[in-house]
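Reading through the structure tokens given below for one structure.
The values are calculated or read from the model by the stated rules, or taken from the named source; none is laboratory data. Because the structure is a prediction, the values reported are computed rather than measured. Virtual Cβ from ideal backbone geometry, glycine too; neighbours counted across all protein chains shown. To get the accessible areas, we keep the full protein, side chains included, count just its heavy atoms, and leave off ligands, DNA and RNA. Shrake-Rupley method; radii C 1.70, N 1.55, O 1.52, S 1.80 Å.
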Amino acid sequence: MNLPNSLTLLRVLMIPVMVLIFFSDISGRYLIAAAIFGAAAITDWLDGYLARKLGQGTSFGAFLDPVADKLMVSVAIIILIHELQSVPFTIAGCVIIAREIVVSALREWMAEIGERTSVRVSWLGKVKTTVQMISITVLLAIDPMAGGSWMLLMLLGYALFMVAAVLTVWSMLLYLLAARKAVQNSESA
């Protein structure tokens with residue numbers, strides 16, 4: 001168990017803590033849950049960076065990192081769907097969660113046929129993840145009943161989430177096209 005894998009495991013352990021705090025009666029629960037999610041999002045970047053920098057990449061880490069990321073994001077989206085009770089947000093959230101499942105399954109299938117590198121993380125996937133993490137952190141931080149200037153921040157988080165949903169579909173289509181091309185190339189060889 002090296003440092004990058006420990007950070008990834010910590011991210012998984014932060015998920016139930018975030019949920020418990022969000023649904024508790026603790027004063028400042030929205031900000032605390034957002035801080036936990038934000039810290040987890042930072043560890044998502046940090047564990048990968050450290051694994052590369054320290055040469056501590058492992059097959060366990062390669063498995064656990066995307067699982068931790070998808071669990072964290074999916075749980076946060078489910079919390080926000082419950083809290084916001086907005087049909088457009090629910091649709092966008094379901095699109096994001098569905099994309100994560102499709103792309104994970106696609107990567108697994110491509111690995112089985114020896115074409116894993118054709119669907120590795122792209123720059124668009126990284127942009128999508130960054131926008132998604134920022135939007136979710138912002139939305140978790142704000143009590144939906146708060147008014148005033150908090151509403152402007154809430155609208156910004158909401159708009160960023162919709163941008164993330166569009167980027168999600170776009171990146172999924174690019175992954176599917178890359179997979180199609182790899183399969184066609186392997187079949188013609």
Checklist outcome for this item: Out of MET72, MET18, MET110, a Gaussian network model of the chain with alpha-carbon springs under 10 Å gives the largest mean-square fluctuation to MET110
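Once the other residues with Cβ under 14 Å from the Cβ of GLY61 are scored (Lys, Arg +1; Asp, Glu -1), what is the net sum? Please list the in-between numbers first.
On the way: positive: ARG11, ARG52, LYS53; negative: ASP44, ASP47, ASP65, ASP69.
Spelling it out: positives minus negatives among the neighbours equals -1.
Tell me which trypsin sites (Lys or Arg not before Pro) from the stretch 102-167 have a DSSP coil assignment and no more than 16 other beta carbons within 10 Å of their own. Please report the intermediate quantities before stating the final value.
Values: sites: ARG107, ARG116, ARG120, LYS126, LYS128; in loops: ARG120.
Passing sites in the stretch 102-167 are ARG120.
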Item to check | CD proxy at 222 nm, helix term only [per DSSP H run n ≥ 4: -39500 (n - 2.57); per residue of the chain; nearest 500] | outcome: -29500 deg cm²/dmol
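Excluding ALA41 itself, what net charge comes from residues whose Cβ is under 12 Å from its Cβ, given Lys and Arg +1 and Asp and Glu -1? Could you put the intermediate results ahead of the total?
Details: positive: ARG11; negative: ASP44, ASP47, ASP69.
Net local charge, ALA41 excluded: -2.
Pop out the carbon and sulfur fraction of the accessible area of the stretch 1-150 as a percent, whole number, probe 1.4 Å. Please report the intermediate quantities before stating the final value.
Numbers: 5440 of 7770 Å².
Summing carbon and sulfur atoms, their accessible area is 70 percent of the total for the stretch 1-150.
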Checklist entry - In square angstrom, what is the accessible area per residue of the stretch 1-94 with a 1.4 angstrom probe? => result 52 Å²
Checklist entry - Among residues other than LEU173 whose Cβ falls under 13 Å from its Cβ, what is the net charge (Lys/Arg +1, Asp/Glu -1)? => result +4
Next on the checklist: Leaving ligands and nucleic acids out of the surface, order TYR175, TYR158 by accessible area at 1.4 Å, largest first.
Outcome noted: TYR158, TYR175
Item to check | Hydrodynamic radius of the stretch 90-189 per Kirkwood, over alpha carbon pairs, in Å | outcome: 14.9 Å
Checklist outcome for this item: Excluding residues fewer than 8 positions from LYS126 in its own chain, the aspartates and glutamates with Cα under 18 Å of it are ASP44, ASP47, ASP65, ASP69, GLU100
